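K.L.:
For reference, the structure I am asking about is given below.
The values are calculated or read from the model by the stated rules, or taken from the named source; none is laboratory data. The structure presented is a predicted model; accordingly, all values stated were derived computationally and were not measured. Here Cβ is always computed from backbone atoms with ideal geometry, including for glycine, and neighbour counts include all displayed protein chains. Please note that ligands, DNA and RNA were not included when accessible areas were found on the heavy atoms of the full protein model with its side chains. Shrake-Rupley method; radii C 1.70, N 1.55, O 1.52, S 1.80 Å.
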Amino acid sequence: MIPLLFGPEARRKYGVFQPAIGQGSKGRGVVICDGLFDEAVCAHRALRFAAGSMAEARWSSLRFDYFGTGDSSGDTGDFTLAGALADAHDAVDELKASAGLASVYLLGLRLGGALAAQVAATRDDVRGLLLWDPLIEGEEVLARYDVSGPADESAMIEGFSLSPGLQDELRGLSVERTLAAYAGPLLMICTAANDGHRRLAAGHSHIDFREIEAPEAWSNTALGGMRPIPSAVVNELREWPG
Amino acid sequence: MSYGQRTRLTGILTYADPAPADDGPGAPCVVLLNAGIVHKVGPGRLNVELARRIAAEGFDVFRFDFAGVGDSPARTDGQDLSAGVLSDVRETLDHLERTLGHQRFIVMGLCSGADNGMRAAELDERIVGVALFDPTIDRTRRWFWEALKAKCRSADYLRSILTLRNPALRRRLGLSVPALESGDGEGEQPELYQVTYADRPRITRCLQSLVDRKVHLFVTFTGSWDFIYNYETQFLDVYPGISFADRLDLSFRPDADHAFLDAGHRRRLIDDLTTWCGAIP
């Protein structure tokens with residue numbers, strides 16, 4: 001694990017580069033896009049474990065925090081989806097440079113899945129997309145935190161700020177629309193599949209959809225981050241695309 | 001920063017801004033500890049906010065992950081968790097002394113981080129201040145009285161007594177008590193929560209040694225801890241033999257939650273901490 005800072009001076013991000021283990025070819029690279037708010041805190045252990053396990057299968061990876069979240073610069077109120085999308089693009093460039101790769105994969109957990117899909121749909125140096133319990137619609141975030149009113153005031157979510165602007169961005173977020181513009185390899189793993197996931201898989205024949213019985217890495221408990229690590233999911237990720 | 005002789009630890013330094021003057025002893029360096037297994041950002045990014053606000057008052061602030069937590073790999077030196085945590089704190093202070101020249105430190109922690117901070121301060125004389133948020137504490141006789149008073153303000157409780165449905169009352173009367181439905185694992189506590197001091201004599205000795213060394217203490221309890229702490233001065237009642245004098249800043253925040261997720265409570269905590277840090281000579 002190599003901690004690093006990357007991105008433009010005005011949007012410095014904290015990331016952890018995990019080089020692939022082993023000799024010979026450079027292997028593959030994967031940028032890991034996290035979820036948001038308490039889900040990111042809870043999923044931290046699982047994503048660290050995933051990065052370590054994938055390194056043994058010759059994956060280099062970069063985990064990172066979006067601007068305004070985690071260990072990255074910026075205040076919580078600075079987080080926007082447009083900004084996070086730019087951060088994910090920066091992370092792709094950083095991993096390609098750090099690992100010496102011409103193209104990479106993207107792995108997105110929850111909201112990170114929606115962002116990863118948007119990045120993959122607009123670049124030609126993304127080899128494949130791995131979605132882990134992805135949000136299908138941004139409205140799911142608002143529903144999960146019971147934010148139902150007009151987007152005219154900030155809501156506080158587990159110590160994080162959900163600004164009116166971010167609420168508007170979430171209302172406009174749709175993975176289904178994004179994937180219409182992406183035809184590359186796609187693995188979607190769900191430990192908590194809903195109708196949205198199944199509908200998405202049914203409508204896109206190129207999605208390799210797998211429902212796996214495993215703990216939800218991202219869901220909250222007393223102080224966060226205490227769920228068992230879903231190693232069954234990680235095993236699927238590290239071996240894909242086979 | 002990545003450092004450590006035994007295990008590579010990962011931490012983030014927030015430089016004092018404004019930077020301290022070159023002459024004089026300089027302000028102590030503040031070190032933030034993990035709360036349980038939540039990584040170094042803290043619950044709801046508490047540690048990040050603490051670090052930035054305290055640094056803005058002229059203190060270098062360092063937050064790091066214990067081995068096996070967050071971005072620090074698991075230890076391979078064979079130490080058990082209890083000893084390992086203390087090694088990690090010592091290695092961190094050594095590193096900050098070597099690279100930044102700091103010789104005095106203030107350690108802060110929430111929950112198990114508070115207990116670990118207390119343990120570390122007992123062993124390391126470079127620590128001149130300890131801030132404890134919801135540390136381990138014993139109940140007192142008055143705690144039970146205060147809890148009863150609070151319960152009696154609840155109509156549900158009074159109803160359960162009058163209708164003989166109260167489990168404690170039923171046990172006392174020798175009546176059957178309905179079994180609880182099976183839980184969902186919420187009570188599961190990872191090991192890191194179990195390495196701290198648990199008994200009052202041990203904590204008393206620790207606190208006494210800190211007082212003898214004139215270590216400054218900031219101790220605060222939240223309403224989330226009301227199952228063990230429910231009145232302002234309970235801490236003093238638990239340790240009646242210790243003369244904290246003016247080195248103890250004790251507070252009880254009944255409306256605050258354990259992780260200070262509410263912005264107002266968080267702001268007040270940080271304001272109080274920066275004031276307290278500034279008063280340490």
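K.L.:
Sort B:Lys149, B:Lys214, A:Lys96 by accessible area with a 1.4 Å probe, largest first.
P.N.:
Greatest to least solvent exposure: B:Lys214, B:Lys149, A:Lys96.
K.L.:
Moving on. With unit charges on the beta carbons (Lys and Arg positive, Asp and Glu negative) and the dipole taken about the Cα centre of the protein assembly as shown, which residue among A:Val16, A:Ser73, A:Tyr182 sits farthest to the positive side?
P.N.:
A:Val16
K.L.:
Another one. How many square angstrom of accessible surface are buried between B and A, both sides summed, with a 1.4 Å probe and rounding to 100?
P.N.:
Accessible area lost upon association: around 2200 Å².
K.L.:
Sticking with this one: Determine the percent antiparallel among the DSSP beta bridges restricted to the protein assembly as shown, to the nearest 5.
P.N.:
30 percent
K.L.:
Just counting partner chain Cβ atoms within 10 Å, what average do the residues of peptide B:35-48 show around their Cβ?
P.N.:
For this peptide, the per-residue mean of nearby foreign Cβ atoms is 6.
K.L.:
Compute the long axis of helix B:112-123 from its Cα atoms, compare it with the longest principal axis of the Cα atoms of chain B, and write down the angle in degrees, 0 to 90, nearest 10.
P.N.:
Roughly 50 degrees, rounded to the nearest 10.
K.L.:
I want to verify a result. In a Gaussian network model of chain B, Cα cutoff 10 Å, which of these has the top mean-square fluctuation: B:Tyr229, B:Tyr157, B:Tyr239?
P.N.:
Fluctuation is largest for B:Tyr157.
K.L.:
Would you be so kind as to identify which of A:Ser61, A:Ser148, A:His204 lies farthest towards the positive end of the dipole of the stretch A:2-239, taking Lys and Arg as +1 and Asp and Glu as -1 on Cβ and the Cα centre as origin?
P.N.:
A:Ser61
K.L.:
For the stretch A:2-239, what proportion of DSSP beta bridges, expressed in % and rounded to the nearest 5, is antiparallel?
P.N.:
So the antiparallel bridges in the stretch A:2-239 amount to around 35 percent.
K.L.:
Taking the 0 to 90 degree range and rounding to the nearest ten, how far is the long axis of helix B:46-55 tilted relative to the main principal axis of chain B, both from C-alpha atoms?
P.N.:
On a 0 to 90 degree scale, this one is about 40.
K.L.:
Same structure again: What part of the accessible area of chain A, given as a whole %, is carbon or sulfur when the probe is 1.4 angstrom?
P.N.:
For chain A, the apolar C and S fraction of the accessible surface comes to 49 percent.
K.L.:
Now for a separate question. A:His89: accessible area at probe 1.4 Å, nearest 10 Å²?
P.N.:
A:His89 exposes around 50 Å² with every protein chain in place.
K.L.:
Using θ = phi - 60° and the Karplus relation 6.51 cos²θ - 1.76 cosθ + 1.60, list the HN-Hα couplings for the stretch A:108-119 in order, rounded to whole Hz, with x at every Gly or Pro.
P.N.:
For the stretch A:108-119, the Karplus curve yields x, 9, 6, 4, x, x, 5, 5, 4, 5, 5, 5 Hz.
K.L.:
Now a separate question. Relative contact order for chain A using alpha-carbon pairs under 8 Å, separation at least 6, rounded to a whole percent?
P.N.:
20 percent
K.L.:
Same structure, new question: Output wanted: per-residue J couplings in Hz (rounded whole) for the stretch A:175-187, from phi through Karplus 6.51 cos²θ - 1.76 cosθ + 1.60, θ = phi - 60°, x for Gly and Pro.
P.N.:
Rounded to whole hertz, the list is 5, 4, 5, 4, 6, 5, 9, 10, 10, x, x, 8, 10.
K.L.:
Mind pulling the angle between the C-alpha long axis of helix B:200-212 and the longest principal axis of chain B? Nearest 10 degrees, somewhere in 0 to 90.
P.N.:
Taking the Cα atoms of chain B, the angle to B:200-212 is about 40 degrees.
K.L.:
How would chain A be classified by its alpha-carbon gyration tensor: rounded, prolate or oblate, with rounded meaning a/c under 1.5 and the a/b versus b/c comparison settling the rest?
P.N.:
rounded
K.L.:
Rank these residues by their accessible area, most exposed first, probe 1.4 Å: B:Thr92, A:Thr122.
P.N.:
Largest accessible area first, the residues go A:Thr122, B:Thr92.
K.L.:
Using θ = phi - 60° and the Karplus relation 6.51 cos²θ - 1.76 cosθ + 1.60, list the HN-Hα couplings for the stretch B:145-152 in order, rounded to whole Hz, with x at every Gly or Pro.
P.N.:
Couplings: 5, 5, 5, 5, 4, 5, 5, 5 Hz.
K.L.:
Relative to the Cα centre, what is the charge dipole magnitude of the protein assembly as shown, using +1 at the beta carbon of each Lys and Arg, -1 at the beta carbon of each Asp and Glu, and rounding to the nearest 20 debye?
P.N.:
Dipole magnitude for the protein assembly as shown comes out near 1200 debye.
K.L.:
Quick one: dipole size for chain A, taken about the Cα centre, charges +1 on Lys/Arg Cβ and -1 on Asp/Glu Cβ, in debye to the nearest 20.
P.N.:
Taking the Cα centre of chain A as origin, the dipole is about 980 debye.
K.L.:
For the stretch A:2-74, what size does the Cα cloud have along each of its three principal axes, sorted from largest down, in whole Å?
P.N.:
Reported extents, whole Å, longest axis first: 39, 28, 14.
K.L.:
Further question on the same structure: Do the sum for chain B: with -39,500 (n - 2.57) for every DSSP H run of n ≥ 4, divided by all residues, what is the mean residue ellipticity at 222 nm, to the nearest 500 deg cm²/dmol?
P.N.:
-11000 deg cm²/dmol
K.L.:
Which cross-chain or sequence-distant (5 or more) residues have an amide H under 5 Å from the amide H of B:Ile127, H modelled 1.01 Å from N in plane?
P.N.:
It is B:Phe105, by chain and number.
K.L.:
Distance from the Cα centre of the stretch A:3-23 to that of the stretch B:35-59, in angstrom?
P.N.:
21 Å
K.L.:
Classify the stretch B:109-177 as rounded, prolate or oblate, taking a ≥ b ≥ c as the square roots of the eigenvalues of its Cα gyration tensor: rounded when a/c is under 1.5, otherwise prolate if a/b is larger than b/c and oblate if not.
P.N.:
prolate
K.L.:
Where the centroid of each part is defined by its Cα atoms, how far is the stretch B:241-281 from the stretch B:91-152 in Å?
P.N.:
12 Å
K.L.:
Per-residue mean of other chain beta-carbon atoms within 10 angstrom of the beta-carbon, peptide B:65-72?
P.N.:
3
K.L.:
Taking amide H positions as placed in the peptide plane 1.01 Å from N, state which residues far from A:Val30 in sequence (5 or more) or on other chains have amide H under 5 Å from it.
P.N.:
A:Ser60, A:Ser61, A:Leu62, A:Tyr105
K.L.:
Then there is this: Mind jotting down a quarter of the surface of the convex hull over the alpha carbons of chain B, in square nanometres, one decimal?
P.N.:
Mean orientational projected area (chain B, Cα hull): 17.1 nm².
K.L.:
Suppose every Lys and Arg Cβ carries +1 and every Asp and Glu Cβ carries -1, with no other charges. What dipole size does the stretch A:84-166 come out with about its Cα centre, to the nearest 20 debye?
P.N.:
360 debye
K.L.:
In addition: Counting only helical runs of four or more DSSP H residues, what would the 222 nm mean residue ellipticity of chain A come to if each run contributes -39,500 (n - 2.57) and the total is spread over all its residues?
P.N.:
Helices in chain A give a 222 nm mean residue ellipticity of -11000 deg cm²/dmol.
K.L.:
Once every Cα of the stretch A:1-131 carries one equal point scatterer and solvent is ignored, give the base-10 log of I(q)/I(0) from the Debye formula at q = 0.10, 0.11, 0.22 Å⁻¹, two decimals.
P.N.:
Log10 I(q)/I(0), no solvent term: -0.26, -0.32, -1.38.
K.L.:
Still on this model: When the C-alpha atoms of the protein assembly as shown are aligned to their principal axes, what extent does each axis show, in angstrom, from largest down?
P.N.:
Principal axes ranked by extent give 71, 70, 49 Å for the Cα atoms.
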